[in-house]
Structure formats: structure tokens, C-alpha cells
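Scroll down for the structure; my scribbles are underneath it.
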Amino acid sequence: MKRTLNWRETIITAIIKTCGYSAVVFVLLIFFFLLREGVPALAEVKLGDLLTKRWYPIESHFGILPLLTGSLIVTVGAMLIAIPFGIGTAVFLSEIAPRWLREVLKPLVELLGGLPSVVLGFLGILVLSPFLRVFLDLPTGLTALAGALLLGGIAVPTTVSIAEDALDAVPLSYREGALALGATKWQTIWRVTLPAARSGVLTALMLGIGRTIGETMAVMMVTGNAPVLAVKLTSIFSPVRTMTATIAAEMGEVANNSTHYHVLFFIGLVLFLISLAVNITASSLVFKSKKRAERVLS
Amino acid sequence: MVNLALAWAERYQSGHPDISISVTGGGSGTGIASLVNGTVDVANASRAMTADEKKQAEANGITPVEFTVARDAIAVIVNPQNPVRRLTLQQISDIYSGKINNWSEVGGDRRPIVRLSRETNSGTHVYFLQMVIRLGDSKNTTLFSTDTLLLPSSEGIINELRQNLNAIGYDGLGYVPPDLMDSLIAVGREAGGPYVIPSIATVNDNSYPVARDLYMYTAGEPVGAVKDYLAWILSAEAQTIVADLGFVPIKP
């Protein structure tokens with residue numbers, strides 16, 4: 001009896017361990033794959049040529065700067081929309097809305113998160129971009145702004161859902177304590193509940209950013225995909241081409257192991273490093289704030 | 001030309017239930033790459049294979065054989081409310097390379113020009129670059145203006161042309177929907193004219209300047225079912241389908 005229990009224990013532990021380690025192994029494998037396929041680009045194209053502002057791969061112009069700035073401007077724009085809306089909605093759902101409203105709204109928000117991005121892309125082409133063109137009197141509505149708005153919309157449900165869970169997990173006694181000290185509802189939310197849920201809220205924002213920077217289909221449909229260097233503030237009103245859209249649009253066509261193929265993988269590598277940097281920054285922020293909280297408590 | 005390839009495959013299979021043909025889209029570059037990699041029997045392409053692609057195929061032990069199966073014209077299209085209806089090849093080239101930026105420079109309203117193009121993996125894109133922007137001159141290295149919108153599908157281009165008064169676009173004549181047939185640009189080789197609107201008749205008598213051949217490539221001389229299929233495609237029945245879809249049948 002005892003023997004079989006031990007056996008079972010060992011097997012289950014082994015399975016769980018495999019699951020845990022395999023996540024790490026897969027990330028490493030993907031990283032090495034990207035390195036293997038992407039690094040040859042540096043040998044075939046001079047670094048100086050990669051850092052130019054002309055992207056026209058079928059004539060060997062491999063400047064990735066327009067793609068980099070395109071992705072950045074769309075992602076930053078999307079975050080400017082998703083952060084306030086995401087946190088605001090999460091606070092409303094968890095702190096302000098009555099229980100029954102929350103029970104209705106939260107599943108709806110999560111349903112929104114499950115919408116395929118192609119569907120949102122269609123909405124973007126048929127409704128959002130004509131509206132932007134007429135409303136802002138732009139030459140065309142297929143702009144970075146359309147992409148940012150759409151991506152913001154895509155990131156909000158993810159952010160809301162996770163941030164709301166984090167806020168909900170803050171013990172009721174924190175809020176009761178604050179209110180008992182004479183804090184208003186707003187002070188309680190801003191000074192007590194949100195800081196207490198900080199690590200969860202940050203995670204929510206990171207996952208939101210992750211969705212934004214990696215999103216491909218919707219962006220490809222509404223940003224116009226023109227590889228223009230987007231460095232001015234007004235670039236938000238002009239068409240841009242993102243890194244993800246470039247990979248998606250061109251990967252199907254390239255011959256294996258051509259320079260173009262390697263450069264596309266190099267772009268993938270750059271994308272990977274960007275999300276890695278974002279994640280590391282975020283988790284170190286969370287870690288720091290945790291340590292400070294522990295010091296204060298002790 | 002994926003529409004055409006699909007229509008042919010469908011019709012042929014209904015007459016030959018024992019043969020199964022599957023057609024995948026993605027652009028001429030995709031089709032040729034698949035032939036080079038040995039994953040397909042036939043590659044449809046709206047441009048000829050480049051010397052590079054032929055070399056890669058030989059390296060993989062595949063000898064591509066070329067068949068001209070239909071003709072196609074590239075139509076230049078504007079929004080129906082745009083008063084401009086005729087342009088020379090030189091003007092279209094200047095518009096797409098970024099030298100002309102306002103409709104007023106070619107006799108239209110004072111509005112910015114928004115340039116629409118297919119993605120670089122489309123055969124139509126490469127053909128337009130060579131024949132229109134570079135005016136067929138192989139030493140010319142003019143490129144698309146960087147702010148040209150590269151849309152992933154014909155549908156994207158048609159949709160933007162319908163609603164945006166500033167837009168100019170191009171696409172295969174077969175992809176132009178009936179409501180935009182009246183806003184095709186008559187293209188002139190020189191400023192003095194004549195300006196010719198693309199149609200089946202003007203492509204076949206060679207008066208429309210932007211027309212091309214459509215190809216099928218097989219890996220080696222076709223045998224068996226592939227051989228029968230290609231013979232059928234050159235038959236009168238298959239060539240009627242070509243006309244039905246807005247492409248131009250090859251002359252017998």
C-alpha cells in the first residue's frame with residue numbers, strides 16, 4: 001500500500017516537473033532557433049544597411065528602422081489607450097460596480113477578449129478607418145492611429161480581466177481599515193487597494209503589452225503597411241508598417257535560406273528581445289516593490 | 001490569378017471525378033517557391049520565373065517548364081468621384097514614385113494622392129514596378145514611394161478605392177468589381193495619346209499598354225494527369241472560363 005503510494009507520488013512529481021521545465025526548454029529552443037535562422041542576416045547584410053530607412057526586400061533594401069518605429073508608435077499608442085481604460089474598468093468592476101453588475105459585465109469583457117483579431121480587423125477597415133479619415137480630415141484612414149485604437153481595444157479585455165482579479169484578491173480588511181481612518185472611497189482605491197494589488201495589475205499590463213506588440217492580423221489590415229520612418233509626433237496620423245505585419249506578409253513568399261528569409265528571422269529575433277526586455281523590466285519592478293513592502297511590514 | 005486557377009480546378013474536377021486538384025493562394029512568389037521546394041505539381045504565376053528562381057530549382061533537381069495559359073491586363077483605378085480619367089504611363093510612374101503628390105498636378109481637384117499597391121509578394125506588384133513605374137527599362141531603379149500603402153489583398157485595395165476620394169490603385173482587370181468599371185483610367189503611352197481603357201478587346205489587339213501573360217509552371221515535362229489537365233486548360237472550354245472571370249483568353 002505504502003509502496004504504491006510512493007510510486008504514484010514519484011510519477012506525479014515527475015510529470016509536474018516535466019511540465020514546469022518544458023516551458024523553460026521551449027522558450028530556450030525557440031530562442032536558439034531564432035538565433036540560428038536570424039543571425040546569418042548579420043553576415044549577409046551589413047549592420048549599417050540594416051539600420052537604414054528603406055525597406056524594399058525584393059530589391060535588397062533591408063532597412064528595418066521604419067518597421068521598428070512603426071511597431072513602437074503603434075504599441076505606445078495602444079498602451080496609452082489600454083492602460084487608463086484597462087485599469088479604470090478593472091477598478092470600476094471590482095470597487096465601484098454593484099455585485100450583480102459585475103457578474104454581468106465581467107463575462108462580457110472576457111467575451112470581448114475572445115474575439116478573433118481578424119474580425120476586429122474587418123471592423124477596423126470598414127468602420128474605424130473611414131471614420132478617422134472623415135473625422136480628422138486625413139488623406140487616408142489606414143494609419144498608425146487606427147492600428148493603435150484597434151490594438152488598445154484588443155489589449156483592454158486582457159488587462160481588465162487580470163487586473164480585476166488582482167484587485168479582488170486584496171483583503172477586505174485593507175479597505176475597511178482605510179475607510180475607518182477617514183479616507184474617502186477614491187483615496188482608498190488610489191492609495192490602498194491599487195498599491196496592494198500592484199504586482200497583479202502590473203502583470204495585467206504586461207500581458208496587455210504582450211498582446212499588443214505581438215498582434216499581427218488586425219494591424220496588417222488597418223495600418224496601411226507603408227514602410228515610412230515614423231519619428232515625428234504627427235506620424236501617428238500616417239500609415240506605418242509593423243514588424244509583425246512584415247513577417248506575416250512576406251514569410252510565405254521567401255525562398256528558404258535566402259537573405260530576405262534570414263532578415264525576416266532577424267526581425268523576429270528583435271521582436272523576441274523587445275518582449276523579453278519588457279518582461280524583465282516589469283518583473284524587476286514587481287520584485288522591488290515587493291521587497292519594499294516586506295521591509296515596511298517587518 | 002488564384003480565382004482563375006480555382007475556377008479551372010473546379011470545372012475540371014466536375015468532369016473528371018477521379019482527379020483531385022487542390023489550389024492554394026498566396027501570390028506568384030509563393031507558388032514558384034513551392035515548385036522550387038518540390039511541394040506542388042503545378043505553380044501558377046502572373047510573372048515569369050526569374051533567373052535566380054530557375055537556378056534554385058535546378059539546384060533542387062527540378063526543371064521548370066513554362067506554359068502561357070491566359071492574358072491579363074493591369075487596370076489603374078481611381079475613386080468614382082475623382083474627375084481624373086486619363087493618365088500617361090509617365091504620369092502614373094511619377095505618381096507612384098512620389099514625384100507627383102497632388103491630384104491638381106494631373107488635372108484633378110486639389111487633394112493629396114494616396115497610393116495603393118499590392119504587397120511585394122504579389123506578381124502584380126512586381127509587374128507594375130517593372131512595366132509602369134520603371135516604364136519597362138531594366139536599368140531604371142526607381143522604387144515605389146515609401147508612403148505607398150501595401151495592402152495584403154485585392155479586396156483591401158478595392159475597398160479603399162470605393163470610399164477614399166484621394167486614392168489611386170491598380171489591380172488585375174479580372175479583380176475590378178462592376179461598380180468600379182466606370183472609374184478605370186485610360187492609359188496613354190505618350191502625352192499625345194491615344195488613351196486606351198483596358199478591356200478584353202484592347203488587350204488582345206495590344207493597344208492597351210499594361211498587359212501581361214499568365215503562366216503555369218510544371219516540374220519537368222508534364223506527364224499523366226498533369227499533362228491532360230494542361231491540355232484541357234488550353235482548350236476552348238477552359239478559355240471561356242478565362243473570359244468569364246475578366247481575364248483575357250489566349251488566342252488559339
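The values are calculated or read from the model by the stated rules, or taken from the named source; none is laboratory data. What you see is a predicted model, and the numbers here were worked out from it, not measured in a lab. Cβ: placed from backbone, ideal geometry, glycine included. Neighbour counts: every protein chain shown.
The residue of region B:8-54 that is surrounded by the most Cβ atoms within 10 Å (Cβ to Cβ), among those that are more than 14 Å from B:Gly220 (Cα to Cα), of a type in the set (Asp, Glu) and more than 11 Å from chain A (Cβ to nearest Cβ), is B:Glu10. For first residues located in region A:173-186 and over 15 Å from A:Glu95 (Cβ atoms), partners that are exposed (fewer than 13 other Cβ atoms within 10 Å of the Cβ) and lie 6+ apart or on another chain with Cβ distances below 8 Å do not occur. Of everything listed in (1) in a helix (DSSP H, G or I); (2) β-branched (Val, Ile, Thr); (3) surrounded by 21 or more Cβ atoms within 10 Å (Cβ to Cβ), the single unmet condition for A:Ile280 is (3). Applying the criterion of being modelled with pLDDT of 90 or more and part of a strand (DSSP E or B) to the residues of region B:78-87, the residue that is farthest from B:Tyr195 (Cα to Cα) is B:Val78.
I'd like to know if region B:42-52 contains one or more residues that are basic (Lys, Arg), touching an Asp or Glu at 6+ places or on another chain (Cβ under 8 Å) and touching a residue at least 40 places away in the same chain (Cβ under 8 Å).
Step one: list which residues in region B:42-52 are basic (Lys, Arg), which gives B:47.
Now narrow it down to the ones that are touching an Asp or Glu at 6+ places or on another chain (Cβ under 8 Å): none.
Within region B:42-52 (the criterion being basic (Lys, Arg), touching an Asp or Glu at 6+ places or on another chain (Cβ under 8 Å) and touching a residue at least 40 places away in the same chain (Cβ under 8 Å)), the answer is no, since none of the residues qualifies.
In region A:206-228, how many residues are within 8 Å of another protein chain (Cβ to nearest Cβ), aliphatic (A, V, I, L, M) and farther than 24 Å from A:Leu276 by Cβ? Write out each step before concluding.
Quick first cut of region A:206-228, residues within 8 Å of another protein chain (Cβ to nearest Cβ) only: A:220-221, A:224-228.
In the following step, the residues that additionally are aliphatic (A, V, I, L, M) were identified as A:220-221, A:226, A:228.
Next cut, farther than 24 Å from A:Leu276 by Cβ only: A:221, A:226, A:228.
Matching residues across region A:206-228 total 3.
Would you check if there is a residue in region A:152-172 being at positive phi and more than 25 Å from the chain's Cα centre (by Cα)? The answer is no; no qualifying residue exists. Every condition in (1) within 14 Å of another protein chain (Cβ to nearest Cβ); (2) surrounded by fewer than 21 Cβ atoms within 10 Å (Cβ to Cβ); (3) free of Cβ contacts under 8 Å to residues at least 24 places away in the same chain holds for B:Asp109 except the one numbered (3).
Here's a check for you: in region A:226-235, which residue that is touching a residue at least 60 places away in the same chain (Cβ under 8 Å) and buried (at least 18 other Cβ atoms within 10 Å of the Cβ) is farthest from A:Ile64 (Cα to Cα)?
Of region A:226-235, the ones touching a residue at least 60 places away in the same chain (Cβ under 8 Å) are A:227-231, A:235.
The next check asks that each one be buried (at least 18 other Cβ atoms within 10 Å of the Cβ); those that pass are A:227-230, A:235.
Working: A:Pro227: 9, A:Val228: 10, A:Leu229: 9, A:Ala230: 12, A:Ser235: 17 Å.
Looking at the filtered set, the residue picked out is A:Ser235.
Go over the candidates A:Leu35, A:Leu28, A:Leu47, A:Leu65 one by one and state the one that is under 26 Å from A:Leu273 (Cα atoms) and buried (at least 16 other Cβ atoms within 10 Å of the Cβ). So that I can check it myself, show each step before the final result.
Details: A:Leu35 fails: buried (at least 16 other Cβ atoms within 10 Å of the Cβ); A:Leu28 fails: buried (at least 16 other Cβ atoms within 10 Å of the Cβ); A:Leu47 fails: buried (at least 16 other Cβ atoms within 10 Å of the Cβ).
From the options A:Leu35, A:Leu28, A:Leu47, A:Leu65, the qualifying one is A:Leu65.
Every test in (1) touching a strand residue (DSSP E or B) at 6+ places or on another chain (Cβ under 8 Å); (2) over 30 Å from B:Val196 (Cβ atoms); (3) of a type in the set (Gly, Ala, Ser); (4) modelled with pLDDT under 85 is passed by B:Ser28 save one, and that test is (2). Scanning region B:186-222 for residues that are closer than 22 Å to B:Gln81 by Cβ and crowded, with 22+ Cβ neighbours inside 10 Å yields B:Val187, B:Pro198. Restricting the first member to region A:41-59 and to residues that are more than 7 Å from chain B (Cβ to nearest Cβ), and the second to residues that are among the charged types (D, E, K, R) and not in a helix (DSSP H, G or I), the beta-carbon pairs closer than 9 Å and six or more apart or on different chains are A:Trp55/A:Arg241. Residues in region A:146-166 include none that are within 14 Å of another protein chain (Cβ to nearest Cβ) and not small (Gly, Ala, Ser).
The single residue among A:Val118, A:Val127, A:Val170, A:Val134 that is within 14 Å of chain B (Cβ to nearest Cβ), surrounded by fewer than 21 Cβ atoms within 10 Å (Cβ to Cβ) and more than 17 Å from B:Glu160 (Cα to Cα) turns out to be A:Val118.
Kindly indicate whether any position in region B:187-197 is in a helix (DSSP H, G or I), at pLDDT 85 or above, over 30 Å from B:Asn60 (Cα atoms) and away from every other protein chain (no Cβ under 14 Å). Write out each step before concluding.
At the first step, the residues of region B:187-197 found to be in a helix (DSSP H, G or I) are none.
Scanning region B:187-197 turns up no residue that is in a helix (DSSP H, G or I), at pLDDT 85 or above, over 30 Å from B:Asn60 (Cα atoms) and away from every other protein chain (no Cβ under 14 Å).
Looking only at region B:88-106, how many residues end up being within 13 Å of another protein chain (Cβ to nearest Cβ) and in a loop (DSSP other than H, G, I, E, B)? Talk me through it step by step, then tell me what you get.
Let us first name the residues in region B:88-106 that are within 13 Å of another protein chain (Cβ to nearest Cβ), namely B:96-98, B:101-103.
Still in the list and also in a loop (DSSP other than H, G, I, E, B): B:98, B:101.
Residues flagged as within 13 Å of another protein chain (Cβ to nearest Cβ) and in a loop (DSSP other than H, G, I, E, B) within region B:88-106 amount to 2.
Between B:Ala75, B:Ala57, B:Ala5, B:Ala70, the distinction of being under 30 Å from B:Arg134 (Cα atoms), more than 14 Å from chain A (Cβ to nearest Cβ), in contact with a strand residue (DSSP E or B) (Cβ under 6 Å, 6 or more places away or on another chain) and part of a helix (DSSP H, G or I) belongs to B:Ala5 only.
Inside region A:60-87, residues that are closer than 16 Å to A:Leu264 by Cβ, of a type outside the set (Gly, Ala, Ser) and within 14 Å of another protein chain (Cβ to nearest Cβ) make up a count of 6. Of everything in region B:146-181, what is within 11 Å of chain A (Cβ to nearest Cβ), surrounded by fewer than 24 Cβ atoms within 10 Å (Cβ to Cβ) and among the charged types (D, E, K, R)? Give them in sequence order. Passing the criteria: B:Asp147, B:Glu155, B:Arg162.
Anything in region B:112-145 that is crowded, with 19+ Cβ neighbours inside 10 Å and in a loop (DSSP other than H, G, I, E, B)? List them, or say none.
Of region B:112-145, the ones crowded, with 19+ Cβ neighbours inside 10 Å are B:113-129, B:132-133, B:144-145.
Within region B:112-145, B:Ile113, B:Glu119, B:Thr120, B:Asn121, B:Ser122, B:Phe144, B:Ser145 meet the criteria.
Scanning region A:242-278 for residues being within 14 Å of another protein chain (Cβ to nearest Cβ), in contact with a helix residue (DSSP H, G or I) (Cβ under 7 Å, 6 or more places away or on another chain), modelled with pLDDT of 85 or more and over 16 Å from A:Val76 (Cβ atoms) gives a total of 10. Of the residues making up region A:110-122, none is in contact (Cβ under 8 Å) with a residue 24 or more places away in the chain, polar (S, T, N, Q), outside any helix (DSSP H, G or I) and touching a Leu at 6+ places or on another chain (Cβ under 9 Å).
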